[in-house]
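Here's a structure for you.
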Amino acid sequence: MDVIEQTLQHHWKDEIFEIFKRGGVEQLVYVPDAGHSQVIKKAWADDVMTPIPVTTEEDGVAVVCGSWLGGKRAVLLMQSSGVGNCVNMFSLIKNCQFPFFCLVTMRGEWAEFNQWQTPMGSATQQAFEMMGINVLRADSPQSVPDVVSAGFDAAFVGGDAVAVLLSQSLIGRKKWDVK
Amino acid sequence: MGCQMSQNNYQHGTINRRQFVKELVDLCPEALIVTGLGSPSYDVFAAGDRPQNFYLWGAMGAAAAMGLGIAIAQPNKPVLVITGDGEMLMGLGSLAAVGAKKPKNLTIVVLDNGHYAETGMQRSHTSLGVELTGVASACNFDWTLSVRDSALVSELAEKVNAKNSCGLANIFIEAVDYPKALPPRDGTYIKNRFRQHLGFEPF
């Protein structure tokens, strides 16, 4: 395990993966983020879950809807910057009432070094809400399992469309080696 | 080849889209079909409505990615994406997503007239030098097929039904706007009946 991975190890990330496993998720669709790295790694090592990397987040929205059409549960992982890419594609969820669960690691909201992340980070919740997707938020490591599990059940038991935002403070400061 | 020709009289292909799609769908009775918005949805509906058709009316660029999700979820069924050149161009990145997974039961059929028919027949990139088969090859697809002769429909159907490779066929069709045949627009209805066909109940 390299240094970067060690600094990114968090217990709540294992709990997220367990919620997906217990919930019968068979496709993990993602655009990678450091905050999701542990879950993605576990999906690649899993016998049942198929990891599906997409090149842009709106493709991921379409993939998870396709998975539901085929009778399976899929979840979508992305960073806040990707939410804006999805806006028109969310009409698929609204029109067809697809159950939808999306996990978003936040940027541009806490000790952000790169202000290019801030415009979309500031608008992430509104972008979801204006397209009819409910937003939950986890700010502390202790709250992550409950919030993720509540959103997951609302989606796949209640048929709702839910995004859970994982606060940037959970991930910690990104280290920039500025000379 | 066609890049210097004028907007109005350029013809990209000669195949009749309605006839070709009808023959293809008839030859693939088991296939789960996703259609790209606009004319491909009308063509597939005109071939005969069936519960295992999912017609897109929006979400442009979604067709291939939805097909990927279905194909991985239903590995024993042939999955057929029937879309247009404009819709495929909007979701070009999804070809990379497909190529990275390569489900053996997924075929993408692009009805390519080199134009955006729905918006008034403006030229699209495929009649300005871009080849979708080349993109699919570079994206690791098992095969690609350029179809300029409608007799190739049986070979294409065999590939769909074989479920042993992931491919993309580009069908060079006439740029003719047919009378619209309108499938249901109620997304919840087409979602639920698609799932019901596979044995899944609604909530």
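The values are calculated or read from the model by the stated rules, or taken from the named source; none is laboratory data. These figures come from a predicted structure and were not determined experimentally. Neighbour counts run over all protein chains shown; Cβ positions are idealised from the backbone, glycine included. Just so you know, the surface numbers come from the protein's heavy atoms only, side chains and all, with ligands and any DNA or RNA stripped out. Shrake-Rupley method; radii C 1.70, N 1.55, O 1.52, S 1.80 Å.
With springs only between Cα atoms under 10 Å, which of B:N53, B:N140, B:N76 fluctuates most in a Gaussian network model of chain B?
Among B:N53, B:N140, B:N76, the largest GNM mean-square fluctuation belongs to B:N76.
Report the residue, chosen from A:V39, A:V54, A:V157, that carries the largest GNM mean-square fluctuation when chain A is represented by alpha-carbon nodes joined by springs under 10 Å.
A:V157
If you restrict to DSSP beta bridges whose two residues both lie in the protein assembly as shown, what percentage is antiparallel, to the nearest 5?
Just about 5 percent of them are antiparallel.
While we're looking at this one, here's another question. Name the residue, out of A:G23, A:G84, A:G71, whose mean-square fluctuation peaks in a Gaussian network model built on chain A with Cα pairs under 10 Å.
Residue with maximal mean-square fluctuation among A:G23, A:G84, A:G71: A:G71.
Sticking with this structure for a sec: Suppose each label sits 7 Å from its Cα in the direction of the beta carbon; what would the A:A123-A:A150 distance come out to in nanometres?
About 2.8 nm, to one decimal.
In addition: The range A:34-55 to the range B:26-79: how many Å between their Cα centroids?
27
On the principal axes of its Cα set, how long, how wide and how thick is the protein assembly as shown? Give whole Å, largest value first.
Extents along the principal axes, in whole Å: 62, 51, 38.
Quantify how strongly other chains surround peptide A:115-124 by giving the mean number of their Cβ atoms within 10 Å of each of its Cβ atoms. Show your work: numbers first, answer last.
Values: counts 0, 0, 0, 0, 0, 0, 0, 0, 0, 0.
Mean partner-chain Cβ count within 10 Å for A:115-124: 0.
How many partner chain Cβ atoms sit within 10 Å of a residue's Cβ in peptide B:90-103, on average, as a whole number?
4
Sticking with this structure for a sec: Residues of A:48-58, mean number of Cβ from any other protein chain within 10 Å of their own Cβ, rounded to a whole number? Provide the component values of the computation, followed by the final result.
Numbers: counts 0, 0, 5, 2, 8, 4, 8, 8, 8, 0, 9.
Whole-number average of other-chain Cβ neighbours for A:48-58 is 5.
Given a 1.4 angstrom probe, what's the average accessible area per residue across the protein assembly as shown, in square angstrom?
Result: 41 Å² per residue.
What 222 nm value per residue comes from the helices of chain A, counting each DSSP H run with n ≥ 4 as -39,500 (n - 2.57) and dividing by all residues, nearest 500 deg cm²/dmol?
Calculated mean residue ellipticity at 222 nm is -13000 deg cm²/dmol.
Taking only C-alpha pairs under 8 Å that are 6+ residues apart, what is the relative contact order of chain B in percent?
Relative contact order comes out at 28 percent.
Another question, if that's okay. Would you mind giving the average projected area, over all directions, of the Cα convex hull of the range B:1-151 in nm² with one decimal?
Result: a mean projected hull area of 8.6 nm².
I want to make sure I understand the PRE zone here: with the label point 7 angstrom from the Cα of B:Y189 toward its beta carbon, which residues in the range A:71-99 have backbone N atoms less than 16 Å away?
From the range A:71-99, the list is A:95-97.
A further question on this structure: Taking the DSSP beta bridges in the range B:91-203 as the whole, what percent of them are antiparallel, to the nearest 5?
Numbers: 2 of 13 bridges.
Of those bridges, close to 15 percent are antiparallel.
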